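Scroll down for the structure; my scribbles are underneath it.
The values are calculated or read from the model by the stated rules, or taken from the named source; none is laboratory data. Owing to the predicted nature of the structure, the values given are computational and were not obtained by experimental measurement. As a convention, Cβ positions derive from the backbone with ideal geometry for all residues, glycine included, and neighbour counts pool all protein chains shown. What goes into the accessible areas is simple: the full protein's heavy atoms, side chains included, and nothing from ligands, DNA or RNA. Shrake-Rupley method; radii C 1.70, N 1.55, O 1.52, S 1.80 Å.
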2 protein chains.
Amino acid sequence: MPSDHPDKPMRRRGRPPKDSARPYAETRQALIQAGLAILTEKGYSAVGIDQILRSVNVPKGSFYHYFKSKEAFGQALIDAYAEYFARKLDRFLLNTDIAPLQRLRNFIDDAGQGMARYAFRRGCLVGNLGQEMSLLPESFREQLSGVFEDWQQRTARCLRDAQAQNEIPADLDCEHLAAWFWIGWEGAVLRAKLEASTRPLDIFAEGFFLRLQT
Amino acid sequence: MPSDHPDKPMRRRGRPPKDSARPYAETRQALIQAGLAILTEKGYSAVGIDQILRSVNVPKGSFYHYFKSKEAFGQALIDAYAEYFARKLDRFLLNTDIAPLQRLRNFIDDAGQGMARYAFRRGCLVGNLGQEMSLLPESFREQLSGVFEDWQQRTARCLRDAQAQNEIPADLDCEHLAAWFWIGWEGAVLRAKLEASTRPLDIFAEGFFLRLQT
DNA sequence: GGCAGTATTAGACCGGGTGTCTAGTTTTTG
DNA sequence: CAAAAACTAGACACCCGGTCTAATACTGCC
């Protein structure tokens, strides 16, 4: 089951040659990538750094070369995930070829497909860590909170587009609605993991859209 | 900082006298109690059994006398929590002195106060474990899922009462709404832990009630 | 060619924890 | 007074945590 990297490029010991192939130049990036895959599944505290290092075939000794501590690594992961997700949100929610509410629907569908692809083992990194908060370095709190704030704003923009196009009533408070969406959405993701089904996502989404008609 | 139980009842070694005081007769109960307090805060996998044992001054060696494994202990905790919570739900939601929707509001307020009392460190055991699912014994899945099912039904009953008293439209599907409530509610709890505030709970609740007017 | 400096990693440090079980002590039962 | 029951001490046998120092292999400059 393991052996994510079956072939072992076998690192040499000293400083690597500058030239060709710079095969490990983006080791840092690879670590982040692997970290995301693992932490979205298992959270922060249950996962050791060498589990991650092993999965990308980076020697344990190297870790401190790339990150100054596990905490710093975690922060980098949150940033990377937030960034990745913000892009994804924008790709869906700012796509002017599609009616605003449909954009949101598409995003939700895509999220469900994403979860299904990983057999509902992976969730949302930010949600995972939020849940673990009491085990985490306090520095994570603000950071995670900020990420939600950011996602909310991106979502609110889409809702305002919907207002502009008269898809939803003009007197709704889009910021508030977006906040509401993200609060509930994380619950839906959690539940989807538990039930190993997209149904919770769908139920939640349906309710959300109904609420928009008021 | 530790020493949850400052006084040490100091257990003797062999079989305890049957007579008077049976001071440790409900050791099992104490373990469950302590387990709940700790697991609602930190989840299952991050917590070791002796952390719990120490907190109630039960020797490590005794554990297997009361539970056959950590997994069995976890199951007992889920049961205990589900039971405790079901009672609490009924106390609120079946209180016929109060209008149905107000019962639900009261429950929500109480939950917020409960979280505040523990400085937003404790969440919902079932939600916590749901989030951890990928680290848990598979046997937990159905059990947790069943607990949600149960809570949903209790909630649905209250909503039907609301229908009966014309607080909400008669054509709403109460089961569905209850499912929707619990999906989102766990998200709100998660978020409340993160923000260390009841606001997420309030925002979610408000949106929930609005939807009931449709 | 040699030497300073830089990039990278080996490998150990050290403490802690894991869940589990056996052997033993003390009581109760009959 | 023996046998069974109730309970616990303490170790077993791991595996792992995050961190850091010393060593190595390269580059760039003189």
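A Cβ distance below 8 Å, combined with a sequence gap of six or more or placement on separate chains, defines the contacts here; from segment A:59-75, residues that are free of Cβ contacts under 8 Å to residues at least 12 places away in the same chain reach residues that are in a helix (DSSP H, G or I) and within 15 Å of DNA strand C (Cβ to nearest atom) in the pairs A:Lys60/A:Ile49; A:Lys60/A:Asp50; A:Lys60/A:Leu53.
Quick one: in segment A:42-72, of everything that is more than 8 Å from DNA strand D (Cβ to nearest atom) and of a type in the set (D, E, K, R), which residue is surrounded by the fewest Cβ atoms within 10 Å (Cβ to Cβ)? My answer is A:Arg54.
Among the numbered conditions (1) closer than 30 Å to B:Leu39 by Cα; (2) without any contact (Cβ under 8 Å) to a residue 12 or more places away in the chain; (3) surrounded by 14 or more Cβ atoms within 10 Å (Cβ to Cβ), the only one that A:Gln102 does not meet is (1). Could you list all residues from segment A:26-36 that are within 23 Å of A:Ala116 (Cα to Cα) and either within 14 Å of chain B (Cβ to nearest Cβ) or outside any helix (DSSP H, G or I) (or both)? Scanning segment A:26-36 gives no hits.
Would you confirm, using the coordinates I've provided, whether A:Leu77 is within 12 Å of DNA strand D (Cβ to nearest atom), crowded, with 16+ Cβ neighbours inside 10 Å and part of a helix (DSSP H, G or I)? It is false that A:Leu77 is within 12 Å of DNA strand D (Cβ to nearest atom), crowded, with 16+ Cβ neighbours inside 10 Å and part of a helix (DSSP H, G or I). Of all residues in segment B:106-132, those that are facing another protein chain (nearest Cβ under 9 Å) and on the phi > 0 side of the Ramachandran plot have Cβ atoms under 8 Å from Cβ atoms of residues that are open to solvent by less than 20 Å² (accessible area, probe 1.4 Å) and in a helix (DSSP H, G or I), 6 or more apart or on another chain, in B:Phe120/B:Ala192; B:Phe120/B:Lys193.
Among the residues of segment B:37-77, count how many are away from chain A (no Cβ under 14 Å) and among the aliphatic types (A, V, I, L, M).
Counting residues in segment B:37-77 that are away from chain A (no Cβ under 14 Å) and among the aliphatic types (A, V, I, L, M) gives 8.
Name the pairs: first residue in segment A:175-186 and more than 7 Å from chain B (Cβ to nearest Cβ) and open to solvent by less than 10 Å² (accessible area, probe 1.4 Å), second residue β-branched (Val, Ile, Thr) and not in a helix (DSSP H, G or I), Cβ to Cβ under 9 Å, at least 6 apart or on different chains? Sorted first by the residue in segment A:175-186, then by its partner, the pairs are A:Leu177/A:Ile168. Just one residue in the set B:Val126, B:Val147 is β-branched (Val, Ile, Thr), open to solvent by 10 Å² or more (accessible area, probe 1.4 Å), assigned to a helix (DSSP H, G or I) and in contact with a helix residue (DSSP H, G or I) (Cβ under 8 Å, 6 or more places away or on another chain); that residue is B:Val147. I'd like to know if segment A:92-105 contains one or more residues that are at pLDDT 95 or above, assigned to a helix (DSSP H, G or I), within 14 Å of chain B (Cβ to nearest Cβ) and under 25 Å from A:Phe181 (Cα atoms). So far as segment A:92-105 goes, no, none of its residues is at pLDDT 95 or above, assigned to a helix (DSSP H, G or I), within 14 Å of chain B (Cβ to nearest Cβ) and under 25 Å from A:Phe181 (Cα atoms). Taking only segment A:187-214 into account, find how many residues are at the interface with chain B (Cβ under 7 Å from one of its Cβ atoms) and among the small types (Gly, Ala, Ser). Counting residues in segment A:187-214 that are at the interface with chain B (Cβ under 7 Å from one of its Cβ atoms) and among the small types (Gly, Ala, Ser) gives 3. When B:Tyr118 is tested against (1) among the hydroxyl-bearing types (Ser, Thr, Tyr); (2) open to solvent by 30 Å² or more (accessible area, probe 1.4 Å); (3) touching a helix residue (DSSP H, G or I) at 6+ places or on another chain (Cβ under 7 Å), exactly one condition is not met: (3).
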